[in-house]
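Please treat every number below as a calculation from the coordinates, not as lab data. Since the structure is predicted, the reported quantities are computational estimates derived from the model, not experimental observations. A quick note on method: Cβ atoms are made from the backbone with ideal geometry, for glycine too, and the neighbour counts reach across all protein chains shown.
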Amino acid sequence: MNREQAEAINRVQAYIEQHLKKSMTLIELSKIAGYSPAYTSTLFKEMTGEGLFDYVRKRRLSKAAMVLRDGADHNRVLDVALDFVFDSHEGFTRAFSKTFGVNPKAYQMKPQPIQLFLPYFVKNLYVYREKRRTQEMKESTIFVQVIEKPQRKLLLKRGVKATHYFEYCEEVGCDIWGTLVSVKEALAEPMGLWLPPKYITPGTSEYVQGVEVATDYSGEIPDGFELMDLPACKMMIFQGAPYEDEVFGEAIEALWTAISRYDPKLYGFEWAPEDGPRFQLEPQGYRGYIEGRPVKQVV
């Protein structure tokens, strides 16, 4: 993978996201990439692990699932199917059922966690591997606030030995995020978390992914997941400056450097790593990288 190829496939991925409700052809997508149709198709499969139109179909089904989950109960499955370029109710139902293990009407009536297919933009992975760090990031301002987390539960999936996101993906798979996003009862967006030792079971990882739900959560627990009780605690939230998505790795490292130099005692707090998991939200350039660490007030 080189930068030119990564940027070409990134353009195709972005175009697909913007046109999921429209028909697309290989010739059309190859023009976006700037390569021949055959080479575009081959390169896309090599970089994403998905055939080009399998990728498009999975993205359409996942978007359709979110519409069924969050839309009004009277939304017709056929209308959703047609919106996402499926030719018939029957064809959409077969594809949806095969992909998610539940038919779309049943899912609409009673949403359950399913494995959504979420895009991972190849350009981001390429630039992360380049490890380009800028002086501007090292010197950027961060925003800090303390919030109260109530007692809650964490719906999570553990890894084996992972201590960070990329190790976790190697052990569990990067697509676990799709299941977390599908949890309708989630109190907030999914998170990557570093568990304190007391929450790590033998033979499992420090780094996990999960989503917080209420203490009375009674929804389905997907295979391989579990529920964990989390006590009320204070979290110090660090938010970096907005950044270009292709340098998200540098943005994360810049915030980690800032946190390592931060003294919470100057503001009446101290680190409390045993009070709860440290967490990170999905890196999104427009809002800056966000990470939370447990603290307690100094008596």
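Data for the structure
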read-out: Proximal charge balance of Tyr262 [Cβ under 13 Å; K/R count +1, D/E count -1]; value: 0
read-out: Kirkwood Rh and Cα Rg combined as Rg/Rh, the range 1-109; value: 1.04
read-out: Rounded tilt (10° steps) of 248-260 against the dominant C-alpha axis of the chain; value: 10
read-out: Residue with peak Gaussian network fluctuation, the chain [Cα springs, cutoff 10 Å], from Tyr286, Tyr15, Tyr35; value: Tyr286
read-out: Candidates Leu266, Leu154, Leu78, ranked by Gaussian network fluctuation over the chain, Cα under 10 Å, top entry; value: Leu266
read-out: Cα centroid separation, the range 1-43 to the range 218-232 (Å); value: 39
read-out: 13 Å beta-carbon shell around Ser218, net charge (K/R +1, D/E -1); value: 0
read-out: Förster-model FRET efficiency, 41 Å R0, Arg3 and Arg76, C-beta, rounded to 0.05; value: 0.35
read-out: The range 153-228: Cα Rg divided by the 2.2 N^0.38 Å rule of thumb; value: 1.02
read-out: Table column - 3J(HN,Hα) (Hz), the range 55-66, Karplus curve with 6.51, -1.76, 1.60, x for Gly and Pro; value: 4, 4, 4, 5, 5, 5, 4, 5, 5, 4, 4, 5
read-out: Dipole moment magnitude, nearest 20 debye, the range 189-299 about Cα centre, only Lys, Arg, Asp, Glu C-beta charged; value: 640
read-out: Cross-link partners of Lys234 among aspartates and glutamates (Cα-Cα below 17 Å; sequence separation of 8 or more within a chain); value: Glu148, Glu212, Asp263, Glu270, Glu274, Asp275, Glu291
read-out: Under Karplus coefficients 6.51, -1.76 and 1.60, residue-wise ³J(HN,Hα) of the range 92-102 in Hz, glycine/proline x; value: 5, 4, 4, 5, 5, 5, 5, 6, 10, x, 8
read-out: If the convex hull is drawn through the Cα atoms of the chain, its volume per residue in Å³; value: 142
read-out: Per-residue HN-Hα couplings for the range 13-26 [Karplus 6.51, -1.76, 1.60; θ = phi - 60°; Hz; x = Gly/Pro]; value: 4, 5, 5, 4, 4, 7, 10, 5, 9, 10, 5, 10, 10, 5
read-out: Value of relative contact order over the chain, rounded to a whole percent, pairs C-alpha under 8 Å and six or more apart; value: 17
read-out: Interchain or long-range residues, amide H under 5 Å from Lys234's placed H; value: Lys149, Val295
